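For reference, the structure is listed below as structure tokens.
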């Protein structure tokens, strides 16, 4: 399954090469035209059945995931690290990671509970006190297999259980899988799909991608937080797993373009695709920079709801993901038949 | 090791001429290398299996099948302690108990919440900070995969920021709808933490439940060594239960077997940055041999001397009171049993990335075997306090 395969590939922001290679292999196998830019964004085209010209539709999904970067190697052989993107710090201790280009296994532990004073146990972990242990004997020994600057990702095996898919980096490999799925289908209208880089460190890749593609309409395909959890009031639940793809009204980077949003709701109703609004207006997506590209792009965000993003293991409902693919597919057809003006 | 009480303090690494150990990347696998690979496979097998305190039958079955080829008999007592017997060359020779606990810390479901979430409490001592984001296996009428859930950072209220979430606030999220979940999981169900066996550099390996499956692996190594060595002593190897909730299995195991000598095999804290030197033992420098009130001085001396005689690496460890190991219970069983403690250094105790060095396990198993071969009536005489 594409989502699971993509989930297991290490691809922290700035180090998306392995994810890109995986996607490129698929595209090449399917005979889909594609190229990359100097930042690492990957572009692919779906020609569509009609030969309409002009500024068209861009679909994008970011390839990168949050993770860590080795900041230094201590004399003892332990690796200190920086966070790359918004890793949820409280899930770092007692996790397994892969370090550097050779995927060296490591663990993040902490002083045993037996050796901690009470005051210590009552404070959350500080990232600068943590380190990665690869079992090296000392610095020289560690340097044989890892270096300062190496990227670090969680070492989580993806697994499915019924409709649920568990794994790391579902934000946003689920989006990448959706783009791939859409690229593999026939559509009435052409579109450009972009697998972007560096979303998690400040929407760095999507801006240059939008500039290059120069679209009129853009859909950003994302994976967003689901907070349908105990002790969370309904209005704070952001999204609900199993209730269909989530449409963003606004976040901290974009106000969804009204016409695009309306059209998405319209096709969802016509095609009887369940969907929900994202009831959380914070955080940033590639839509922020895409919508402000050149003289402005009609932009919206559609997301698969996912619990526990930015941690070693998150999960989503495959039915939500399939509905997202159907929704975007129906949107492409609708723009072709009805057009879409601001 | 169980909760904080009676924690062993300290050790100093004693430089000894360590056995030259095989390089791990040798092209052809020599017999000694194969021996340690088998040991590693066994450790992997027993750390992938779950056996939370009080629910050890699953892990016991795996251990039993691995020990059986090397022992004369196997049985379980009323609490579930798994007892293997290996006969010595003389019937009236000393009877020695070698104990390592097979239970691991875990979770027990207290309530199925509205919305399909499982509240839990712990069996054994957790640092609650390690739980969010961990994968778990819930043992309902079927096994269910889940994760320990947490609120996303943006929903953590101002007054809770900078505070550690309490265990009562955490929950297991299986993603199953409430009704479906209630059909499968009832309060009282056990959940075990999940972690694949991780191969680190050299002979370092990490995973869950290394405390004290590493000790069980030491016993296995010992029985494999004894298979080829003449020994007079009659040996009871016991995989004990419920150590993590207060050294309980060892109480009845020691009573039931009434041994002349008891050795507990457990894990001790490994060296990590920021820990005080006296709190930890170094990984890769051999097992730690404990001295202190919980340990019969002659037994500690004999273990140290045996390690020296056979050129096995070891470290010294000193504990000022009852240790948090099966040795705590064994020593005060019946009329009192001369007791020793051998420990495998382990980093990050009570997390799912407990880290050990295979060479320490191998050396500990070998030391234990040579200790057993040296048990004769002369030595037993020295155990009486004059």
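The values are calculated or read from the model by the stated rules, or taken from the named source; none is laboratory data. Owing to the predicted nature of the structure, the values given are computational and were not obtained by experimental measurement. Virtual Cβ from ideal backbone geometry, glycine too; neighbours counted across all protein chains shown.
Only a single criterion out of (1) over 27 Å from residue A:202 (Cβ atoms); (2) in contact with a helix residue (DSSP H, G or I) (Cβ under 8 Å, 6 or more places away or on another chain); (3) within 7 Å of another protein chain (Cβ to nearest Cβ) is not satisfied by residue A:77, namely (3). With a requirement of 3 or more residues that are within 14 Å of chain A (Cβ to nearest Cβ) and in contact (Cβ under 8 Å) with a residue 24 or more places away in the chain, the helices (runs of 4 or more DSSP H) lying completely within the stretch B:267-386 that satisfy it span B:358-373. Of A:174, A:158, all but one fail to be within 12 Å of chain B (Cβ to nearest Cβ) and in contact (Cβ under 8 Å) with a residue 24 or more places away in the chain; the exception is A:158.
Conditions (1) more than 13 Å from the chain's Cα centre (by Cα); (2) part of a loop (DSSP other than H, G, I, E, B); (3) closer than 24 Å to residue A:170 by Cα, marked per residue:
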| position | (1), (2), (3) |
| --- | --- |
| A:186 | yes, yes, no |
| A:189 | yes, yes, no |
| A:193 | yes, no, yes |
| A:199 | no, yes, yes |
| A:207 | yes, no, yes |
| A:212 | yes, no, no |
| A:219 | yes, no, yes |
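Those helices (runs of 4 or more DSSP H) of the stretch A:249-342 in which at least 3 residues are modelled with pLDDT of 95 or more and closer than 23 Å to residue A:195 by Cβ, considering only elements entirely within it, cover A:287-291, A:318-338. Scanning the stretch B:127-148 for residues that are more than 7 Å from chain A (Cβ to nearest Cβ) and touching a residue at least 60 places away in the same chain (Cβ under 8 Å) returns B:137, B:139. The conditions of being surrounded by 24 or more Cβ atoms within 10 Å (Cβ to Cβ) and more than 14 Å from chain A (Cβ to nearest Cβ) are met by residue B:253.
Residue check: residue B:206 meets all listed conditions (1) at the interface with chain A (Cβ under 8 Å from one of its Cβ atoms); (2) out of contact with any strand residue (DSSP E or B) (no Cβ under 8 Å at 6 or more places or on another chain) but one, namely (2). Just wondering, is there one or more residues in the stretch A:183-198 that are crowded, with 24+ Cβ neighbours inside 10 Å, assigned by TED's automatic domain parsing to the domain that holds residue A:307 and at positive phi? Yes, because at least one residue in the stretch A:183-198 is crowded, with 24+ Cβ neighbours inside 10 Å, assigned by TED's automatic domain parsing to the domain that holds residue A:307 and at positive phi.
Which members of the stretch B:217-234 meet the condition of being farther than 30 Å from residue A:141 by Cα and not in a loop (DSSP other than H, G, I, E, B)? Of everything in the stretch B:217-234, those that are farther than 30 Å from residue A:141 by Cα and not in a loop (DSSP other than H, G, I, E, B) turn out to be B:219, B:220, B:222, B:223, B:224, B:225, B:226, B:234.
Restricted to the stretch A:111-132, and to residues there that are touching a helix residue (DSSP H, G or I) at 6+ places or on another chain (Cβ under 7 Å) and under 11 Å from residue A:93 (Cα atoms), the residue that is farthest from the other protein chains (Cβ to nearest Cβ) is A:127.
Condition test on residue B:306, is it closer than 20 Å to residue B:373 by Cβ and touching a helix residue (DSSP H, G or I) at 6+ places or on another chain (Cβ under 9 Å)? In short, yes.
Checking each residue in the stretch A:229-248 for being assigned to a loop (DSSP other than H, G, I, E, B), within 14 Å of another protein chain (Cβ to nearest Cβ) and either exposed (fewer than 15 other Cβ atoms within 10 Å of the Cβ) or in contact with a strand residue (DSSP E or B) (Cβ under 7 Å, 6 or more places away or on another chain) (or both) picks out A:229, A:230, A:231, A:233, A:237, A:239, A:240, A:241, A:242, A:243. Residues of the stretch A:249-276 that are buried (at least 17 other Cβ atoms within 10 Å of the Cβ) and within 11 Å of another protein chain (Cβ to nearest Cβ): none at all. Got at least one residue in the stretch B:150-169 being more than 11 Å from chain A (Cβ to nearest Cβ), outside any strand (DSSP E or B) and touching a helix residue (DSSP H, G or I) at 6+ places or on another chain (Cβ under 9 Å)? Yes, the conditions are met somewhere in the stretch B:150-169. The one condition from (1) touching a helix residue (DSSP H, G or I) at 6+ places or on another chain (Cβ under 8 Å); (2) away from every other protein chain (no Cβ under 14 Å); (3) more than 21 Å from residue B:220 (Cα to Cα) that residue B:96 does not meet is (3). Within the stretch A:122-161, the set of residues being closer than 17 Å to residue A:11 by Cα, surrounded by fewer than 16 Cβ atoms within 10 Å (Cβ to Cβ) and under 19 Å from the mean Cα position of the chain (by Cα) comprises A:157 only. Would a scan of the stretch A:162-175 turn up a residue that is modelled with pLDDT of 95 or more, within 17 Å of residue A:332 (Cα to Cα) and surrounded by 24 or more Cβ atoms within 10 Å (Cβ to Cβ)? Yes: the stretch A:162-175 contains one or more residues that are modelled with pLDDT of 95 or more, within 17 Å of residue A:332 (Cα to Cα) and surrounded by 24 or more Cβ atoms within 10 Å (Cβ to Cβ).
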